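Peer 1: Below you will find the structure I want to go over with you.
The values are calculated or read from the model by the stated rules, or taken from the named source; none is laboratory data. Every value quoted in this text rests on a predicted model; they were computed, and no experiment measured them. Every residue, glycine as well, gets a Cβ built from its backbone with ideal geometry; the counts of neighbours run over all protein chains shown.
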């Protein structure tokens with residue numbers, strides 16, 4: 001299967017919240033899981049999937065996926081996920097594995113913050129009595145750590161940079177973009193952050209320390225968008241904390257990563273019929289399961305799936321791509337009549353692209369020569385030509401007509 005990665009998703013949080021369990025459930029990649037801080041020393045990388053309804057049923061054709069999977073009408077598009085070392089207070093100053101954590105997080109385009117909703121781990125990630133710790137503190141501390149890390153990078157020569165921008169009438173946005181290029185921060189992120197913070201980009205020397213930190217905190221939110229996964233939602237103490245988390249200015253997903261991991265492993269062994277993100281499952285081979293295993297599966301059904309609609313793992317990945325990163329899915333084909341490529345494969349590929357992508361930009365994503373020789377594209381639903389500036393919509397199926405053939 002061809003890879004079709006578009007953005008990197010970072011799974012973050014303090015130690016012992018279920019980060020590695022979430023990562024393993026999302027990717028089925030092996031990751032060391034234990035109840036002590038810093039189990040994850042080196043970052044784990046794996047492939048998860050964005051789930052979207054496949055268009056083959058709408059067009060009444062049988063598809064032949066190449067860069068993705070199609071299971072029971074659900075298209076699963078591969079994406080790359082990284083699980084990094086647990087973060088503790090003071091990480092931006094190098095405490096714990098802070099330097100390593102922050103070096104990995106710079107590569108992520110969006111963040112999934114795994115929070116122990118049961119309140120059963122303290123601020124350092126040590127086990128405590130469920131309900132004893134307030135998970136809101138975990139959100140605040142992580143916000144501060146990332147903000148102060150970005151601030152420390154800019155602060156090194158901020159005074160000189162601000163003076164130069166004013167004295168030589170240089171563009172502050174471009175100067176900051178160059179300084180922060182290693183963090184994946186773009187000019188548009190900086191422009192929008194200064195605007196939202198209500199600051200004057202022409203007079204950066206007039207910014208107070210409070211102004212500076214307000215700008216950086218806004219920049220963190222825009223350049224590293226984050227959602228919260230309220231993990232261990234099956235614990236009795238988690239419900240009240242979930243409601244508290246929902247009052248924050250974040251997307252909050254109730255989750256039981258352990259349940260998802262159990263279902264994924266059972267499905268992998270063909271013991272149950274389950275697609276990631278489903279609201280239920282069906283036992284296929286009860287004779288191969290012990291009574292305790294059947295009870296465990298039924299407990300997952302009752303306490304997690306029936307109550308919350310899913311385990312939350314797939315919901316978190318989907319929300320990260322479709323809401324935080326504003327991605328859409330597009331299906332390119334060559335033969336508009338048969339919806340196939342040059343080898344006759346029907347609807348072979350699905351691409352995740354940013355909302356606002358034009359037909360010509362999409363052509364470039366597929367192959368440089370397609371973009372360079374772009375003449376027009378054809379919309380498979382409406383059977384009409386669309387121009388280079390036409391903005392694509394989610395689940396569009398298009399054929400690109402180009403003066404140059406793909407090499």
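Peer 1: Using the structure shown, decide if residue 338 is in a loop (DSSP other than H, G, I, E, B), modelled with pLDDT under 95 and not assigned by TED's automatic domain parsing to the domain that holds residue 81.
Peer 2: no
Peer 1: Kindly provide the set of residues from the range 355-394 that are in contact (Cβ under 8 Å) with a residue 40 or more places away in the chain and within 26 Å of the chain's Cα centre (by Cα), ordered by number.
Peer 2: If the condition is that a residue be in contact (Cβ under 8 Å) with a residue 40 or more places away in the chain and within 26 Å of the chain's Cα centre (by Cα), then 359, 366, 367, 392, 393, 394 are the ones that fit.
Peer 1: If you don't mind, there's one more thing I want to ask. Give the range 378-391 a look and list any residue that's farther than 16 Å from residue 347 by Cβ and in contact with a helix residue (DSSP H, G or I) (Cβ under 9 Å, 6 or more places away or on another chain), or say none.
Peer 2: 386, 387, 388, 389, 390, 391, listed by residue number.
Peer 1: Any chance the range 305-312 includes a residue that's outside the structural domain of residue 242 (by TED's automatic domain parsing), outside any strand (DSSP E or B) and under 17 Å from the mean Cα position of the chain (by Cα)?
Peer 2: No - not one qualifying residue is present in the range 305-312.
Peer 1: Yes or no: the range 376-386 includes at least one residue that is under 30 Å from residue 228 (Cβ atoms), surrounded by 18 or more Cβ atoms within 10 Å (Cβ to Cβ) and either in contact with a strand residue (DSSP E or B) (Cβ under 9 Å, 6 or more places away or on another chain) or not assigned by TED's automatic domain parsing to the domain that holds residue 111 (or both).
Peer 2: We begin by selecting, within the range 376-386, every residue under 30 Å from residue 228 (Cβ atoms); these are none.
No, that holds for no residue.
Peer 1: Something else about it: Out of everything in the range 161-179 that is surrounded by 15 or more Cβ atoms within 10 Å (Cβ to Cβ) and without any contact (Cβ under 8 Å) to a residue 24 or more places away in the chain, what residue ends up being nearest to the chain's Cα centre (by Cα)?
Peer 2: Filtering first and then ranking leaves 177.
Peer 1: In the range 151-160, is there at least one residue being farther than 27 Å from residue 8 by Cα and more than 33 Å from the chain's Cα centre (by Cα)?
Peer 2: Yes: one or more hits.
Peer 1: In the list 296, 320, which residue meets the criterion of being out of contact with any strand residue (DSSP E or B) (no Cβ under 7 Å at 6 or more places or on another chain), under 30 Å from residue 233 (Cα atoms) and either modelled with pLDDT under 95 or assigned to a helix (DSSP H, G or I) (or both)?
Peer 2: Answer to the check: 296.
Peer 1: For the structure I just gave you, tell me whether residue 287 is within 19 Å of residue 61 (Cβ to Cβ) and loosely packed, with under 13 Cβ neighbours inside 10 Å. Talk me through it step by step, then tell me what you get.
Peer 2: Numbers: within 19 Å of residue 61 (Cβ to Cβ): no; loosely packed, with under 13 Cβ neighbours inside 10 Å: yes.
So residue 287 does not fit the description; no.
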